[in-house]
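Worksheet for the structure shown next.
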Amino acid sequence: MILEKTAFRPSEPEDRLAILAVQRRAFGGEAEARLVDTLIDGPVPTISMVADLDGMIVGHILLSQLEGPEKSLALAPLGVDPEWRDFLIGTELTNRAIARARDEGWHSIFVLGDPVYYGRFGFKSELARHVKTPYPGPAFQALELIQGAVADYRGAVRYAGALDEA
């Protein structure tokens, strides 16, 4: 099995070029690669994880702190090389990033993405509907890592500068 041969681990500086290449292939352009490049070196705390298959980076996920509910993260982007998309690499990266965020004491994660895909991890658009965002609608979703972290929040979220510009 591919997942058994894949190491899911925090990214390291020497992974940088491979991470950017994965993001380019996954999204077919430069925007997400530029976003990752800016956020990883930026002042905002991040969780950056890779899927390493026999020394080849085939997936990457980035979570970065956002302003809003206390100790919140934004999940963006999740990229998997198109040749490896049918092997649950994105699913495993997402599960591991959520677990790491919980272990590090984060309270919630927001994502702008497919409600069906992210719903299986516990993200809910209903939970985020009271949050003011430049991205309203069902694709804007939240996941509480601590009960009540988002449910009663009625303010805005503000993404790291690079995400706001993306």
- Please work out the Cα center distance from region 40-75 to region 99-143, rounded to the nearest Å. 15 Å
- Task: Towards the positive end of the charge dipole of the chain, with charges on Cβ (+1 Lys, Arg; -1 Asp, Glu), say which of ASN95, ILE47, PHE140 has the farthest Cα.
- Result: PHE140
- Message: I'd like to compare 50-62, 5-17, 142-154: which one has the highest average count of other Cβ atoms within 10 Å, and what's the full order after that?
- Response: 50-62, 142-154, 5-17
- Item | Accessible surface, region 42-99, averaged per residue in Å² (probe 1.4 Å) | 38 Å²
- Note on the structure: Out of HIS60, ALA18, PHE121 - ranked by how far each Cα lies towards the positive end of the dipole of the chain, with unit charges on the beta-carbon of charged residues - the top one is PHE121
- Give, rounded to the nearest 20 debye, the magnitude of the charge dipole that the chain has about its Cα centre when Lys and Arg contribute +1 at Cβ and Asp and Glu contribute -1 at Cβ. 500 debye
- Can you tell which of VAL44, VAL80, VAL131 shows the greatest fluctuation in a Gaussian network model of the chain with Cα springs below 10 Å? VAL44
- Item | Rounded to 10°, Cα long-axis angle of helix 89-103 versus longest principal axis of the chain | 50 degrees
- The helix 31-41 Cα axis meets the longest alpha-carbon principal axis of the chain at an angle in degrees, between 0 and 90 and rounded to 10, of 80 degrees
- Translational D in µm²/s for region 78-166 (Stokes-Einstein at 20 °C, 1.002 mPa s, Kirkwood Rh from C-alpha pairs): 153 µm²/s
- region 82-166, dipole about Cα centre (Lys/Arg Cβ +1, Asp/Glu Cβ -1), debye to the nearest 20: 260 debye
- Can you give the helix-only mean residue ellipticity at 222 nm for the chain, where every DSSP H stretch with n ≥ 4 adds -39500 (n - 2.57) and the sum goes over all residues, rounded to the nearest 500 deg cm²/dmol? -9000 deg cm²/dmol
- Task: Please list, or write none, the aspartates and glutamates whose alpha carbon is within less than 13 Å of the alpha carbon of LYS124, excluding same-chain residues fewer than 8 places away.
- Result: ASP114, GLU144
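The values are calculated or read from the model by the stated rules, or taken from the named source; none is laboratory data. Here the structure is a predicted model, which is why all the values come from computation and not from measurement. Using ideal geometry, Cβ is built from the backbone for each residue, glycine included, and neighbour counts are taken over all protein chains shown. Note: areas computed on protein heavy atoms with side chains; ligands, DNA, RNA excluded. Shrake-Rupley method; radii C 1.70, N 1.55, O 1.52, S 1.80 Å.
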